[in-house]
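A short reminder: the numbers here are calculations on the coordinates, not readings from a lab. Keep in mind the model is a prediction, meaning the values are calculated, not measured. No Cβ is skipped: glycine too gets one built from the backbone with ideal geometry, and neighbour counts run over all protein chains shown.
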Amino acid sequence: MYYVGIDCGLDGAIAVLNSDGTVFRIVKMPTVKKGKGRKIDLPQLWLEIWKFTIGVEDPGGHAPSAAGLRSMTYSFAAVEAYVSASRHRYATYPAKEWQDTFWKKPKMAKGQKFDTKAAALVAAKRIWPEQSFLATEKSTVPHDGIVDALLIAEHTRRQFR
């Protein structure tokens, strides 16, 4: 059995775990140009996902900008429609739900914001200490989409095993 985690943002990723939680495969979200921007490359997405149990992050109804919300909503809808139409077993999770599996957000002082990306990286390094979280060999900063997709896959594995 394999478990797939999808961070469906344009800078997201797809992670596949074996049933024992080891990393099987990681790919950055496939995208194509759309006007001045990008959109998910659905035909390529089809090639990257097999018939596994899949967890998809639901971005919810909030984003820093209207354009960001529109992009996230489109990406989520495209991924969920694909997964649903192909009859994969799947679940969607708000970010807070899968994050609560790996850490509890501390109470912050007024005006301070908790860094969920840093917390996700710490959690992922704890689970997969030998794993590179870089998008390419030339990258120097961990890829947030890869980290999140791996944690979503692990959350899905824990939910469905």
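Can you give me the long-range amide H partners of THR31? Hydrogens built in the peptide plane at 1.01 Å from N, cutoff under 5 Å, separation of 5 or more residues or another chain.
For THR31, whose amide H was placed from the backbone, the distant partners under 5 Å are ASP41.
THR53's amide H: which non-local residues (gap 5+, or another chain) put their own amide H closer than 5 Å, with H modeled 1.01 Å from N in plane and none for Pro or chain starts?
Placed amide hydrogens put TYR2, VAL4 under 5 Å from THR53.
Provide the percentage of antiparallel DSSP beta bridges, counting only those with both residues in the chain; round to the nearest 5.
Among the beta bridges of the chain, antiparallel pairing accounts for roughly 60 percent.
If the cut-off is a Cα-Cα distance under 21 Å, which lysines reach LYS36, setting aside same-chain residues fewer than 8 apart in sequence?
Hits, sequence-local ones excluded: LYS28.
Quick check on the chain: helices-only [θ] at 222 nm, where DSSP H runs of length 4 and up contribute -39,500 (n - 2.57) each and the sum goes over total residues. Nearest 500, please.
-12000 deg cm²/dmol
Just tell me the longest site-free run in the chain, where the sites are GluC sites (Glu not before Pro) in a DSSP loop having at most 12 other beta-carbon atoms within 10 Å.
The longest such stretch corresponds to 1-129.
Taking neighbour counts of Cβ atoms within 10 Å as a proxy for exposure, in what order, fewest first, do ASP20, ASP100, ASP58 appear?
ASP20, ASP100, ASP58
In a GNM of the chain with a 10 Å cut-off on Cα contacts, which of ILE146, ILE14, ILE40 has the highest mean-square fluctuation?
Result for the chain, Cα springs under 10 Å: ILE40 fluctuates most.
Mind listing the Cα extents of the chain along all three principal axes, in Å, largest one first?
Computed over the Cα atoms, the extents are 44, 40, 33 Å.
Can you give me the long-range amide H partners of THR92? Hydrogens built in the peptide plane at 1.01 Å from N, cutoff under 5 Å, separation of 5 or more residues or another chain.
When sequence neighbours closer than 5 places are left aside, the close amide H contacts are VAL56.
Where is the GNM fluctuation largest for the chain (alpha-carbon springs, 10 angstrom cutoff): GLY37, GLY60, GLY145?
GLY37
In a Gaussian network model over the chain where Cα atoms closer than 10 Å are linked, find which of PRO106, PRO142, PRO129 has the largest mean-square fluctuation.
Most flexible of the set in this elastic network: PRO106.
Just want the ordering: ILE152, ILE54, ILE26, from fewest to most Cβ atoms lying within 10 Å of their own Cβ.
ILE26, ILE54, ILE152
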